[in-house]
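Just so it is clear, none of the values below were taken in a lab; they were calculated from the coordinates. Given the structure is predicted, the values throughout are model-derived calculations rather than measurements. In this analysis, Cβ positions are derived from the backbone assuming ideal geometry, glycine residues included, and neighbour counts consider all displayed protein chains.
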Amino acid sequence: MTHEALDISSPIGVVAGGGAMPFAVADSLIARGFDPVLFALRGACDPERVKRFRHHWIAVGQLGRAVRLFRSENCRDIVFIGSLVRPAFSEIRLDWATVLELGRVLTAFRGGDDHLLSRVGGIFERHGFRLVGIKDVAPDLLMPEGCLTRAVPDENAAADIAKGRQLLDVLSPYDVGQAVIVIDGHVVGIEDIEGTDGLLARVARLRGEGRVRAKAGRGVLVKAPKTNQDLRFDLPTMGPRTVAGAAAAGLAGIAIAAGNTLLAEPQATIETADAAGLFVTGLPA
């Protein structure tokens, strides 16, 4: 998907899910002279951390409330950021506006996560809002190209990275995970509904059970968005916890798509990787 710079309006609405990234985005916006308004998702967004910002609470399924709040705050541009467990349709708290959009909502749920997010974004756009991405509002939070750590990939790691990228390209049409683990040319894990942390924990367990026989310090976690993914939504994310998980899984390092991956807590990420002797590298497009 090509990218062109947008003329971003202020205030900017930040639909905030779980994790640290919504607040990192809000801080980045403030530093660049924009006024963020957080629309915190109940059950996902941190209620203590959101207090620092102007904010409103919304529940998944409250389309009418969200639209009214966006308009009351004069937010034309909206960004979605943060983790959210995909709800069952029966768990959504439907308001009247959502009922009126029920056909489109049901269609959105018939597909993978990227399909769901893109369709939900399209519903908001029909109401006059513009969905923007992190590249537009907080480009400083994206992974740069090149190695960030003292350790660098060797020839074996480079071959594993190449194989991981090829596999992710092949898997893209199926709208599954955004990460794979390759060790000495063998694919030992593909991200599924458990996410990257679960994938790393699974490989750590397999090592402990002797199912993965390669010695520690071999293998790579490779992360990249899907081909033709709508990059306004659900970008791959990594941070110190990812590095800790990779170390526990006995990997040599992490390779992630530069420019299309969110880097949470960059300094802590690099320090954690250096302490563990892992590499973290940004892959060119």
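Here the spin labels are modelled as points 7 Å beyond Cα on the Cα-Cβ line, and at residue 68 and residue 42 they lie 1.4 nm apart. Taking amide H atoms as placed 1.01 Å from N in the peptide plane, the amide H of residue 34 has no partner under 5 Å among residues 5 or more positions away or on other chains. Among the listed pairs 135/223; 135/215; 51/226, a Cα-Cα separation exceeding 28 Å is found for 135/215; 51/226.
Fewest Cβ neighbours within 10 Å first, please rank 197, 35 accordingly. Mind dumping the intermediate values first?
Working: 197 13, 35 16.
Neighbour counts put them in this order, fewest first: 197, 35.
Taken over the range 142-283, the alpha-carbon convex hull comes to 93 cubic angstrom per residue.
The alpha carbon centroids of the range 143-204 and the range 30-58 are separated by 32 Å. Each Cα pair under 8 Å and six or more residues apart adds its separation to the average, and for the range 142-283 the resulting relative contact order is 35 percent.
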